[in-house]
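Heads up: the structure comes next, in structure tokens.
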Amino acid sequence: MNDKIKAVVLAAGKGTRLHSETSDLPKVMRLANGKPLISYVLSAIDFISKPDITIVVGYKKEAVLSAFTGYGFAEQKEQLGTGHAVMAAAPALGNFDGSVLVCCGDMPLIKKATFLELFDTHVREGNDCTILSGTSDEPLDYGRIVRDASGAFLRLVEHKDCSEDERKIRELNSGVYMFKAPLLLGALGKLRCDNSQREYYLTDVPGIIKTEGGKVGVCLRHMGSELLGVNTPEQLELVESLLK
């Protein structure tokens, strides 16, 4: 498997809402049940060899670099969105024609079996992009997966942009994807930042690939608490309780 798959782990965020008088670590280095958040993610994707995993660092990067040796690293010098973060890792994917897993370093509850199911779906269906989607009873303001009448992927819609009907959709975008490397790199070059945040969104990439004739699939699982990320002290406390 190792020669067919690489990974990019997004870990550059500051985690402003998590900061306190006692800690200003990067978000992924905040501890949950005694271990950094990102350590759970790296354990769950340990079916990929360390040199084939690129961790995108930014704020206080030294804390991540010193804690996790043997991995590849890329620096996102400005925080210009998730698409921009993956752009920072592009040199590590330049001559690679296999599959690339893109995941978040602040989602410690996703299981190895879930990542493996995503990879299996991607390969089995021959997709150019496969989105990991999930259902959950948690109240999450995540993007929605919109499907056409036949059930095929149509588009991703951010929570804030959803219509009243789209907000009723229970299938959520996890923010985890599998791509064919050349198509990912090609789509990254077409991203635009003409939005209110002036950021490059990775969520635009599946649509670009689909528009250009690529095959975009969805791996749907009931993910429950696996979908939880950490942005606030309350979320950190909840995730820690679930990890125990």
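The values are calculated or read from the model by the stated rules, or taken from the named source; none is laboratory data. Predicted model, so just to flag it, every value in this text is computed and none were measured. Virtual Cβ from ideal backbone geometry, glycine too; neighbours counted across all protein chains shown.
Structure summary
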| read-out | value |
| --- | --- |
| Qualifying strands (runs of 3 or more DSSP E) (wholly inside the stretch 116-198; at least 2 residues being over 21 Å from HIS84 (Cβ atoms) and over 16 Å from the mean Cα position of the chain (by Cα)) | 144-147, 153-157 |
| Neighbours by Cβ (under 8 Å, 6+ apart or cross-chain): first from the stretch 37-54, closer than 25 Å to LYS244 by Cβ; second basic (Lys, Arg) and at pLDDT below 95 | LEU37/LYS27; LEU37/ARG30 |
| Tally of residues being more than 21 Å from GLY126 (Cα to Cα) and among the basic types (Lys, Arg) across the stretch 142-186 | 5 |
| Pairs, first within 19 Å of MET87 (Cβ to Cβ) in the stretch 62-75, second of a type in the set (Ser, Thr, Tyr) and modelled with pLDDT of 95 or more, C-beta under 8 Å, six or more apart | TYR71/THR54; GLY72/THR54; PHE73/THR54; ALA74/THR54 |
| Qualifying positions in the stretch 113-149 - modelled with pLDDT of 95 or more, over 11 Å from ARG221 (Cα atoms) and hydroxyl-bearing (Ser, Thr, Tyr) | THR121, THR130 |
| Residue list for the stretch 221-244, restricted to those being out of contact with any helix residue (DSSP H, G or I) (no Cβ under 9 Å at 6 or more places or on another chain) and in a strand (DSSP E or B) | HIS222 |
| For HIS222: the one exception among (1) out of contact with any strand residue (DSSP E or B) (no Cβ under 8 Å at 6 or more places or on another chain); (2) touching a residue at least 24 places away in the same chain (Cβ under 8 Å); (3) farther than 24 Å from ASN95 by Cα | (1) |
| Residue within the stretch 78-88 that is among the acidic types (Asp, Glu), touching a helix residue (DSSP H, G or I) at 6+ places or on another chain (Cβ under 9 Å), more than 26 Å from GLY126 (Cα to Cα) and surrounded by fewer than 21 Cβ atoms within 10 Å (Cβ to Cβ) present | yes |
| The stretch 193-211 residues that are closer than 17 Å to TYR177 by Cβ, paired with ones that are assigned to a loop (DSSP other than H, G, I, E, B) and of a type in the set (Lys, Arg) (beta carbon under 6 Å, 6 or more apart) | ILE208/LYS190 |
| Residue count, the stretch 89-115 (criterion: under 22 Å from ASP46 (Cβ atoms), charged (D, E, K, R) and surrounded by fewer than 16 Cβ atoms within 10 Å (Cβ to Cβ)) | 2 |
| Residues of the stretch 4-36 that turn out to be within 19 Å of ALA74 (Cβ to Cβ) and without any contact (Cβ under 8 Å) to a residue 60 or more places away in the chain, as a count | 3 |
| When residues of the stretch 116-136 are limited to those that are charged (D, E, K, R) and touching a residue at least 24 places away in the same chain (Cβ under 8 Å), the one surrounded by the most Cβ atoms within 10 Å (Cβ to Cβ) | ASP128 |
